[in-house]
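Novice: Here you go, one structure.
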Amino acid sequence: MAVLRFPDFGEMNQNESDIRSTLAEMSIDYERWSLDRVPADSSADAVLAAYADEIAQMKQRGGYVTADVIDVNSSTPNLEVMLARFDKEHTHDEDEVRFILAGRGIFFLHIGDRVASVEVGPGDMLRVPRGTTHWFTLCEDRRIRAIRWFQDTSGWTPHYTDSGVDRGYQPLCFGPAYLGSRVETKINLNA
Ligand SMILES: [Fe+2]
């Protein structure tokens, strides 16, 4: 389940339909998909086979030609270098489409004069249209497994805005794996 925040306003929402409608107003698609197709430890090929229908439908929706499974964790070589490519505000020439199978991460979406933080976790599908200014990072456990769709893998190169806006936001995670000490932070934010 996702967590939608507008950090500048101290707003946080974990209601699925609220998140869907708020993001839809920002031209961002958010959906909840079933996770019960395959065991969590299935191979990438098994995941792609199990979600073949969803993958084909999404290809049709967005003109995507290929899909793969990205799988990283804290022991992935050069993980921090990889993350550093995407944790600064950027755009792409194609949509960024993710269905999260495991782990958690945060998309910051800078749309108009507002910045939204969308923490995504297992079962969340997010589609960020091409040209949207955004940045992304993982939660503290540095784990994400997701299906990705591409129109052209070369289009996924980040174009940095160098705005510095990203430096004003802390990548705080509040989702199910982050209850406990984070609850205190959450209360402070809403105070
Ligand atoms: Fe991106």
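The values are calculated or read from the model by the stated rules, or taken from the named source; none is laboratory data. Every value quoted in this text rests on a predicted model; they were computed, and no experiment measured them. Cβ atoms come from the backbone with ideal geometry, glycine included; neighbour counts cover every protein chain shown. Ligands, DNA and RNA are stripped out before the accessible areas are found, and what is left, the full protein with its side chains, is counted by its heavy atoms. Shrake-Rupley method; radii C 1.70, N 1.55, O 1.52, S 1.80 Å.
Novice: Would you mind pulling out the separation of the Cα centroids of segment 111-146 and segment 1-64, in Å?
Specialist: Result: 10 Å between the Cα centres.
Novice: Could you please state how large a percent of the accessible area of the chain is carbon and sulfur, counting protein chains only and using a 1.4 Å probe?
Specialist: Numbers: 4520 of 9260 Å².
Using a 1.4 Å probe with all protein chains present, the chain comes out at 49 percent carbon and sulfur.
Novice: Follow-up. Nearest 10 degrees is fine. How inclined is helix 16-25 to the longest principal axis of the chain, computing both from alpha carbons?
Specialist: The helix 16-25 is inclined about 90 degrees to the chain.
Novice: Just check segment 1-76 against the gyration tensor rule for me: Cα atoms, a ≥ b ≥ c as the square roots of the eigenvalues, rounded for a/c under 1.5, and otherwise prolate or oblate depending on whether a/b exceeds b/c. Walk me through the intermediate numbers first.
Specialist: Working: a/c = 2.19, a/b = 1.54, b/c = 1.42.
In terms of gyration-tensor shape, prolate.
Novice: In Å², what does the accessible area per residue of the chain work out to with a 1.4 Å probe? Please list the in-between numbers first.
Specialist: Working: 9260 Å² over 191 residues.
Dividing the accessible area of the chain by its residue count gives 48 Å².
Novice: Want the number for Glu140 to Ala52: 0.36 nm per residue separation, take away the alpha-carbon distance, what's left? Mind showing how you got there, number by number?
Specialist: On the way: separation 88, 0.36 × 88 = 31.68 nm, distance 3.09 nm.
Between Glu140 and Ala52, full extension yields 28.6 nm more.
Novice: Only Lys, Arg, Asp and Glu count, each charged at its Cβ (+1, +1, -1, -1), so figure out the dipole size of the chain about its Cα centre, rounded to 20 debye.
Specialist: Details: 20 positive and 30 negative charges, 36 e Å.
For the chain, the charge dipole is close to 180 debye.
Novice: Another question about this same structure. Within segment 80-122, which residues have the backbone N less than 17 Å from the label spot 7 Å out from Glu31 along Cα→beta-carbon, could you tell me?
Specialist: It comes to 95-101, 121-122, nothing else.
Novice: Give me the log10 of I(q) over I(0) for the chain at q = 0.10, 0.14 Å⁻¹, as the Debye formula computes it from C-alpha points; what are the numbers?
Specialist: -0.39, -0.79
Novice: So how compact is segment 58-110: Cα radius of gyration and Dmax in angstrom?
Specialist: Rg, Dmax (Cα atoms, Å): 13.0, 35.
Novice: How far is helix 181-190 tilted off the main Cα axis of the chain, in degrees rounded to 10, range 0 to 90?
Specialist: 60
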